[in-house]
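FYI, it's all coordinate maths here, none of it is from the lab. Values in this document were obtained by computation on a predicted structure and should not be read as measured data. All Cβ positions, even for glycine, are placed from backbone atoms using ideal geometry, and neighbour counts span all protein chains on display.
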Amino acid sequence: MITVAGLSVFAGDRALVRNVSFEIGDGERVGLIGESGSGKSLTALTVLGLLPEELRATGSVLFHGKQLLSASERELSRLRGNALAMVFQEPMSALNPLMRVGRQVAESTRLHGTRSRRKANEKAQRLLESVGLPDVFRAYPHQLSGGQRQRVVLAIALANDPALLICDEPTTALDVTVQAQVLDLILGGVAERSSALLFITHDLAVVARVCDRLLVMLDGEIVEQGSTREVLTAPRHEYTRKLLAASDLEAA
Ligand SMILES: Nc1ncnc2c1ncn2[C@@H]1O[C@H](COP(=O)(O)OP(=O)(O)OP(=O)(O)O)[C@@H](O)[C@H]1O
Ligand SMILES: [Mg+2]
């Protein structure tokens, strides 16, 4: 579904992401791991067409055969929130602080097809219920906890049954007790829709649980990729071995 080939991201002539290639199949769950600054978020932002203006991407990102690197902003914004959806670390950045959350979920369904306001509101309420928030339709984002806000963001991301959901450290900013809950909702949400998942995290225990396949980034490059099992039980790259040794998974 997504084929990334020879992708590089530059700031001036400095390469921040170098010659990255990977594929994500329909419904596949792929984990992207690697140390801070290795280029994980930039890779995800490039796929979404959300690179900051000062950065430049070269190579190829094909989504169902369509070249996203040369797509217009109009085409990209049509894809985003529809076929391609995302959940980032900080839910407030994805929400409008001045709009009730039910309306925000409803708008996201209206942007992509559901015309009638009543139907959109009903759908929004169902989506909020599906992430365990039956009573927040009329609340403003600041009235919710961090975990609840992230669940609203997830409801918006899933509103149009995306082909691919990209999650960039979706639970890092949350209390440990709600991390597992939000993770379960993400997994349930993509499973129900057969959406593919690109999951960025520092947490190897999470990728071990969530992902079919892993990509390991170091200094802007993918240094290793393979099935989660292969990578976690028989890592080939020195850096992956170090990551594993530093995690609690080693004993497993
Ligand atoms: N707009 C920008 N201009 C210049 N350099 C940038 C810009 N955005 C990111 N970088 C640099 O690119 C590199 C990769 O950044 P990126 O955010 O992709 O890392 P990451 O793997 O997501 O790290 P983390 O795990 O901390 O989120 C870093 O060295 C970062 O400082
Ligand atoms: Mg990042």
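Just a few scattered comments:
- Take each peptide in 88-94, 132-138, 193-199, count the other Cβ atoms within 10 Å of every residue, and average; sorted highest first, the result is 193-199, 88-94, 132-138.
- Inter-part distance where region 44-85 and region 125-159 are each reduced to a Cα centre, Å: 27
- For region 188-252, the orientation-averaged shadow of the C-alpha convex hull comes to 4.7 nm² (one quarter of the hull surface).
- At q = 0.14 Å⁻¹, base-10 log of I(q)/I(0) for region 66-150 (Debye sum, equal scatterers on each alpha carbon): -0.54
- Using Cβ point charges alone (K and R +1, D and E -1), the dipole size of the chain about the Cα centre works out to roughly 1160 debye.
- Considering only 51, 109, 4, and ranking their Cα positions along the charge dipole of region 1-141 that arises from unit charges at the beta-carbon of Lys, Arg, Asp and Glu, the one farthest toward the positive end is 109.
- 16 Å cut-off, amide nitrogen to a point 7 angstrom out along residue 234 Cα→Cβ, residues in region 6-35: none
- Judged by the ratio a/c of the largest to the smallest principal axis of the C-alpha gyration tensor, region 103-181 counts as oblate, that ratio being 1.5 or greater while a/b is no larger than b/c.
- Kirkwood hydrodynamic radius (C-alpha pairs) into Stokes-Einstein, the chain, 20 °C and 1.002 mPa s, D in µm²/s: 115
- If you take the Cα centroid of region 5-21 and the Cα centroid of region 190-251, the two points sit 21 Å apart.
- Note on the chain: helix-only mean residue ellipticity at 222 nm, from DSSP H runs of 4+ residues weighted -39500 (n - 2.57) and normalised by residue number, equals -11000 deg cm²/dmol.
- With R₀ fixed at 25 Å, the C-beta to C-beta distance from residue 161 to residue 205 puts the FRET efficiency at about 0.30.
- Taking label positions 7 Å along the Cα-Cβ direction at both residue 140 and residue 249, the computed distance is 4.2 nm, reported to one decimal.
- If you wrap the Cα atoms of region 121-233 in a convex hull and average its projected area over all directions, you get 8.0 nm².
- Extension gain, residue 122 to residue 241, is 37.9 nm, computed as 0.36 nm per intervening residue step minus the present C-alpha separation.
- About its Cα centre, the dipole of region 1-65 is roughly 100 debye, where the only charges are +1 on Lys and Arg Cβ and -1 on Asp and Glu Cβ.
- Protection proxy ranking, highest mean first, for peptides 117-124, 100-107: 100-107, 117-124, where packing is the per-residue count of other beta-carbon atoms within 10 Å, averaged.
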